[in-house]
Structure formats: structure tokens, C-alpha cells
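Below is one structure, written out as C-alpha cells; comments come after it.
The values are calculated or read from the model by the stated rules, or taken from the named source; none is laboratory data. No experiment lies behind these values; they were computed from the predicted model shown. Positions of Cβ are generated from backbone atoms using ideal geometry, with glycine treated the same way; all protein chains shown enter the neighbour counts.
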């Protein structure tokens, strides 16, 4: 019989580091580029990110606190998700810094802006995959009692996808070969995906 460490989150976890983020992970990084109404470009990584629907493709990220990214999406209704790979880790980490709204993280991290096809915010030219998105919902999260949480869930429909040709082999996207970087729960824990993690499991018929 296993012995379990159990706790109610509302009373605290009592551990050196909250295990919640470590258990729900690793997660793809929501590296989100936006553009303010005033024309200032913003780029920020979010560790709460995922895909939520196939057709149409809908992705989403959650921002703890009302940050420039959420404000920009509310103002313009648009954002771009950019894939973080191992070669972009240092630049991604630089975009975590608390720059003021008038400063572009693209410039501070030495990244190149690339025009999007449909939306106004630029893509990260160095990123191997980008999703251009139109916002569908912005939801302030609530507790079971109905009180507001200082976190905003941003959902968007993917209206244009850009994939570096080197990521495709015989028309199949090579997840294990691209060098995805994933966020885990520790203060600075990240993971990569490689061929050694790949296994096949077909659904029963």
C-alpha cells in the first residue's frame, strides 16, 4: 500500500516548493507576441499554455496578473504564439524581464520581428513555428466561491500557421527532432523532447 502526502491547497502545501506546477507538466511555453494600440511590440513567455481544440484550432494561455500581453490582446484582439526551442532558451528567458510597456522585448533579447500574414503582431523570425491568432475569449478566473482571481485566461483561434520546412519529414512534423523546450514546476526547471522519449501507442478500435 502506497503512503501519500496529502494536503488541501487552500491551507498551503507545507513543502519547499509547490508541487502543482511540477505535476502538471512539463508544458509547452506560451511565447506570446502582441502589439499595443500605440504600436509597441511585446514578447513574453507564459508557462500556463496549451491547445484546446482541433477544428478550429484554439490555443490558450493564462497570465497571472494583468500584464501588457493581456492588455494588448484586449485592445487589438490579436496575438502570435512562437515555439521555443533549445537554441532560443536564452532569448526567451530574457523576455521574462519586467520591462516597462514602452520597451520592446524583441529588441532587448536581440530577436528579429517578422511580419505576420493575417494579424498585426509580428512573429519571432528565429522561431521554427508560429501560430497567428485571433482572440476568442478573455476570461478572468474565479474560485469555487465565485470570487475573482488575479489571473486571465486568453483563448484564440489559430488563423495562420508557419512551420520551418526543416521540421517536416515526408510531410510529418518531427516533434522529437525539433528541440522543443518545455516548462516544469521548479524555480528554473525545463525539459526538452528527443527521440529517446518517443513511443507509439495506437487507440483501440
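Quick check on my filter: what residues within the range 11-23 are in a loop (DSSP other than H, G, I, E, B) and either surrounded by 13 or more Cβ atoms within 10 Å (Cβ to Cβ) or free of Cβ contacts under 8 Å to residues at least 40 places away in the same chain (or both)?
12, 13, 14, 15, 16, 18, 19
Pairs needed: first member in the range 187-205, without any contact (Cβ under 8 Å) to a residue 12 or more places away in the chain and at negative phi; second member anywhere, part of a loop (DSSP other than H, G, I, E, B) and surrounded by 14 or more Cβ atoms within 10 Å (Cβ to Cβ); C-beta distance under 8 Å; at least 6 residues apart or different chains.
none
Looking at the range 44-54 only, could you name the residues that are touching a residue at least 12 places away in the same chain (Cβ under 8 Å) and within 18 Å of residue 180 (Cβ to Cβ)?
Within the range 44-54, 45, 46, 47, 48, 49, 50 meet the criteria.
Look at residue 5 and say whether it is at pLDDT below 95, out of contact with any strand residue (DSSP E or B) (no Cβ under 9 Å at 6 or more places or on another chain) and not in a strand (DSSP E or B). Full working, then the answer.
Details: at pLDDT below 95: yes; out of contact with any strand residue (DSSP E or B) (no Cβ under 9 Å at 6 or more places or on another chain): yes; not in a strand (DSSP E or B): yes.
Against the criterion (at pLDDT below 95, out of contact with any strand residue (DSSP E or B) (no Cβ under 9 Å at 6 or more places or on another chain) and not in a strand (DSSP E or B)), residue 5 qualifies.
Just the residues that are surrounded by 18 or more Cβ atoms within 10 Å (Cβ to Cβ) and either free of Cβ contacts under 8 Å to residues at least 24 places away in the same chain or out of contact with any helix residue (DSSP H, G or I) (no Cβ under 8 Å at 6 or more places or on another chain) (or both), please, taken from the range 115-154.
Listed by number, the residues that qualify are 116, 119, 123, 130, 131, 132, 133.
Yes or no: residue 96 within 15 Å of the chain's Cα centre (by Cα) and either in a loop (DSSP other than H, G, I, E, B) or farther than 18 Å from residue 29 by Cβ (or both)?
Numbers: within 15 Å of the chain's Cα centre (by Cα): yes; either in a loop (DSSP other than H, G, I, E, B) or farther than 18 Å from residue 29 by Cβ (or both): yes.
So residue 96 passes the test.
Can you tell me how many residues in the range 42-66 are within 19 Å of residue 119 (Cβ to Cβ) and out of contact with any strand residue (DSSP E or B) (no Cβ under 7 Å at 6 or more places or on another chain)?
Looking only at that region, the number is 1.
May I ask you to list the residues in the range 37-88 that are more than 15 Å from the chain's Cα centre (by Cα), loosely packed, with under 15 Cβ neighbours inside 10 Å and in a strand (DSSP E or B)?
Passing the criteria: only 53.
Got at least one residue in the range 92-113 being buried (at least 16 other Cβ atoms within 10 Å of the Cβ), out of contact with any strand residue (DSSP E or B) (no Cβ under 9 Å at 6 or more places or on another chain) and under 21 Å from residue 35 (Cα atoms)? If you could, list the steps in order and put the result at the bottom.
Keep residues of the range 92-113 that are buried (at least 16 other Cβ atoms within 10 Å of the Cβ), which gives 92, 94-95, 99, 104-106, 109, 111, 113.
From the residues that got through so far, the ones that are out of contact with any strand residue (DSSP E or B) (no Cβ under 9 Å at 6 or more places or on another chain) too are 94.
Within this subset, residues satisfying the condition of being under 21 Å from residue 35 (Cα atoms) are 94.
Checked the range 92-113: at least one residue is buried (at least 16 other Cβ atoms within 10 Å of the Cβ), out of contact with any strand residue (DSSP E or B) (no Cβ under 9 Å at 6 or more places or on another chain) and under 21 Å from residue 35 (Cα atoms).
So which residues in the range 24-36 are buried (at least 22 other Cβ atoms within 10 Å of the Cβ) and either modelled with pLDDT under 95 or more than 20 Å from residue 179 (Cα to Cα) (or both), if there are any at all?
33, 34, 35
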